[in-house]
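First up is the structure itself, then whatever we jot down about it.
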Amino acid sequence: MTKSEQAVERALQCLTADQRDALFLHLGKGMTCLEIAQQTGVPREAVLNDLVRAYARIRACNRVAHIKSRGVRDPPTSEVHSVGIPEC
């Protein structure tokens, strides 16, 4: 498993259940936010918010993995904060 894949795996583990569900239905089933909302009974805006946060978490974790893959064990705090490292 590559470092990027490991970062995505860690990010998925940090997501809330609602975020994981929305992401699975969106990516895995190809459903729109409205379709997810109708199926789950969650307001469309909440589904959209869950997807935005899920994608942001995955992007941030992937960026941190990229920074660390450049050979930087502990990136400077300013560099970590600039990519939005998530707290789990």
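The values are calculated or read from the model by the stated rules, or taken from the named source; none is laboratory data. Keep in mind it's a predicted model, so treat the numbers as computed, not measured. Methodologically, a virtual Cβ is constructed for each residue, glycine included, from the backbone with ideal geometry; neighbour enumeration extends over all protein chains shown.
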> For the stretch 48-81, how many residues are at pLDDT below 70 and surrounded by fewer than 12 Cβ atoms within 10 Å (Cβ to Cβ)?
Replying inline: 8
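Collect the residues in the stretch 23-46 that are hydrophobic (A, V, I, L, M, F, W, C) and either under 17 Å from A60 (Cβ atoms) or in a loop (DSSP other than H, G, I, E, B) (or both), keeping them in residue-number order.
Matches in the stretch 23-46: L23, M31, V42.
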> If you take the residues of the stretch 1-17 that are without any contact (Cβ under 8 Å) to a residue 12 or more places away in the chain and in a helix (DSSP H, G or I), which of them is nearest to N62 (Cα to Cα)?
Replying inline: E5
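Does R20 count as in a helix (DSSP H, G or I), at pLDDT 85 or above and closer than 21 Å to E9 by Cα?
The answer is yes for R20.
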